[in-house]
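These notes concern the structure reproduced below.
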Amino acid sequence: MVKAARGNRKEMIQKILSEIEGRLQEAGIPCRVSGREKHLYSIYCKMVLKEQRFHSIMDIYAFRVIVNDSDTCYRVLGQMHSLYKPRPGRVKDYIAIPKANGYQSLHTSMIGPHGVPVEVQIRTEDMDQMAEMGVAAHWAYKEHGETTHYRANTRPALDAKPAGAATECR
């Protein structure tokens, strides 16, 4: 079942990426788009932790669209919903209602080509900086205009697994 769902994943990612970029270019929306396939172990962990079946995992193919401002985030959301059919109840507006930790983004899950579930996160550069590097990096970026030092020195420490940490899902 998993193998069938994965299919030609690189081709699928490229197809969806091209369709998203093409749609946004036609709409005159400057942006940066990236995409990835969720790793099998991450899918397994999500299934275990959230007690979900494989077919209910909506972010096997996930894409991120980075734009210049919040208003454009909502324009992109509209374009995504005209490109692919949105899944009812699967749109989250963390821009209007940020998470407690300050995270902001629009999330939508849709039915992509060949019925493949596709998740898109839409955010500004500032929102992306905050989501990827945290408040301290966002502050450093605003203060100094770059986070190279932070990424090189701090991120590896944050990503490191504590000695003796289990490799099981948490």
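No lab work stands behind these numbers, since they all come straight from the coordinates. Predicted, not measured: the structure shown is a model, and the values here were computed from it. Because the Cβ atoms are built from the backbone with ideal geometry, glycine has one as well, and the counts that use them run over all protein chains shown.
Neighbour counts of other Cβ atoms within 10 Å put Cys73, Cys31 in the fewest-to-most order Cys31, Cys73. Remark: the Asp93-Leu17 segment gains 25.1 nm on full extension, using 0.36 nm per residue and subtracting the alpha carbon distance.
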